[in-house]
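The values are calculated or read from the model by the stated rules, or taken from the named source; none is laboratory data. Here the structure is a predicted model, which means the values were calculated and not measured. Because the Cβ atoms are built from the backbone with ideal geometry, glycine has one as well, and the counts that use them run over all protein chains shown. The protein model used for the area step is the full one, side chains on, heavy atoms only, and it has no ligands, DNA or RNA in it. Shrake-Rupley method; radii C 1.70, N 1.55, O 1.52, S 1.80 Å.
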Amino acid sequence: MVQNKSSSTAVLDGPRELEGKRVVLTGGSRGIGAAIAERLLADGALVVTTARTAPAETPDGLEFVTGDVRTPRGIQAIADAAIEHLGGVDVVVNNAGAARAYPAGSLAIEPDEWQDALDVNFLAAVRLNAALAPRMIEQGSGAIVNIASSAAFDVPGPMLHYGAAKAALIAYSKGLATELAPHGVRVNTITPGHVASPGADEVREGLATAFGITVSDIHATVPIGRIGRGDDIAEAVAYLVSDRAAYVAGANLVVDGGEQRRP
Ligand SMILES: NC(=O)c1ccc[n+]([C@@H]2O[C@H](COP(=O)([O-])OP(=O)(O)OC[C@H]3O[C@@H](n4cnc5c(N)ncnc54)[C@H](OP(=O)(O)O)[C@@H]3O)[C@@H](O)[C@H]2O)c1
């Protein structure tokens, strides 16, 4: 699951700046979330993650809890299981996200799909942060990273439910950052562009087929010349939750290979 062996080795050779940090990460079973889990574990963090389906393998030290982030009950169960395992929390990474594309356009998106998109891409983070942030406020320290998407800024009709939910996540994160910073809790957002992952690859393939283009055509829109890797996002997370980012709160770190699909 390590997607870039050389950068992982470099991490292991360096100081373990997240030693003992207790991390709750959603969607860590594959894709970007799995890369985040590996990166934070390599730096000494203790990581609990969740997804609806358990991965075939988990890296050493990763605690996996099966759960669904779309409901308040699911979130509470995940938060309870994480606290039971970790004894507290220093870092929350809201990474779980998903959406089905509607090539016919946004007016074809079913009402239930709108609700689903809001639940998994926006309200899951709101609810998990509400469940765990009071502990961080009480201890006077903590870091929250919410994973958004460049779809929030340049929203294609087939993914309007997803882009709108991610836009809400960015606005919410900014407000929460202002509210929690005086308590020593830093809230930041990461906005990935195109990143290779099982879920996103499937969406891109479906859209490319529907519009008579190839996935390579989509990748060719990235100025840096390649699609992103999970490691690219994981590195940004590792920075934002570390003391190197001690003065960073309310930021939206765009990691998109220069696509600049943002205001
Ligand atoms: N890859 C990209 O190009 C890209 C670009 C911009 C933003 N992002 C964002 O990056 C994050 C990670 O995406 P990814 O590309 O790595 O996607 P992915 O390969 O589909 O992985 C998504 C992860 O979230 C979990 N998940 C999805 N729905 C869930 C639910 N209801 N409850 C619990 N866990 C759930 C999945 O596991 P289960 O399905 O087993 O539950 C999986 O672990 C998402 O927030 C996504 O919106 C990705």
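Assess whether Ile190 counts as being out of contact with any Leu (no Cβ under 6 Å at 6 or more places or on another chain) and touching a residue at least 24 places away in the same chain (Cβ under 8 Å).
Criteria not met by Ile190.
Identify, please: which residue in region 137-164 is part of a helix (DSSP H, G or I) and polar (S, T, N, Q) and is, among those, least open to solvent (accessible area, probe 1.4 Å)?
The residue in question is Ser150.
Any residue at all in region 116-136 that is at pLDDT 95 or above, in a strand (DSSP E or B) and either of a type in the set (Val, Ile, Thr) or open to solvent by less than 10 Å² (accessible area, probe 1.4 Å) (or both)?
Looking for residues that are at pLDDT 95 or above, in a strand (DSSP E or B) and either of a type in the set (Val, Ile, Thr) or open to solvent by less than 10 Å² (accessible area, probe 1.4 Å) (or both), one finds none in region 116-136, hence no.
So Thr50 ticks every box in (1) modelled with pLDDT under 95; (2) open to solvent by less than 10 Å² (accessible area, probe 1.4 Å) but one. Which box is left unticked?
(1)
What do you reckon, is Ala99 within 8 Å of the ligand (Cβ to nearest atom), modelled with pLDDT under 95 and among the aliphatic types (A, V, I, L, M)?
The answer is yes for Ala99.
Residues being of a type in the set (Lys, Arg) and near the ligand (Cβ under 6 Å from one of its atoms): count how many of those fall in region 18-61.
Kept after step one, since they are of a type in the set (Lys, Arg), are these residues of region 18-61: 21-22, 30, 39, 52.
Subset that is near the ligand (Cβ under 6 Å from one of its atoms): 30, 52.
Residues in region 18-61 being of a type in the set (Lys, Arg) and near the ligand (Cβ under 6 Å from one of its atoms): 2 in total.
Looking only at residues that are under 19 Å from Arg39 (Cα atoms) and open to solvent by 20 Å² or more (accessible area, probe 1.4 Å) in region 82-94, which one is nearest to the ligand (Cβ to nearest atom)?
Top of the filtered list is Leu86.
Could you look through region 102-112, keep only residues that are of a type in the set (Gly, Ala, Ser) and in contact with a helix residue (DSSP H, G or I) (Cβ under 6 Å, 6 or more places away or on another chain), and pick out the one that is farthest from the ligand (Cβ to nearest atom)?
Selected residue: Gly105.
Mind telling me which of the residues Ala208, Ala238 ends up being part of a helix (DSSP H, G or I), free of Cβ contacts under 8 Å to residues at least 12 places away in the same chain, open to solvent by less than 30 Å² (accessible area, probe 1.4 Å) and out of contact with any strand residue (DSSP E or B) (no Cβ under 9 Å at 6 or more places or on another chain)?
Matching residue, one of Ala208, Ala238: Ala208.
What tally of residues in region 14-30 results from selecting those that are of a type outside the set (S, T, N, Q) and open to solvent by 10 Å² or more (accessible area, probe 1.4 Å)?
Within region 14-30, residues that are of a type outside the set (S, T, N, Q) and open to solvent by 10 Å² or more (accessible area, probe 1.4 Å) number 10.
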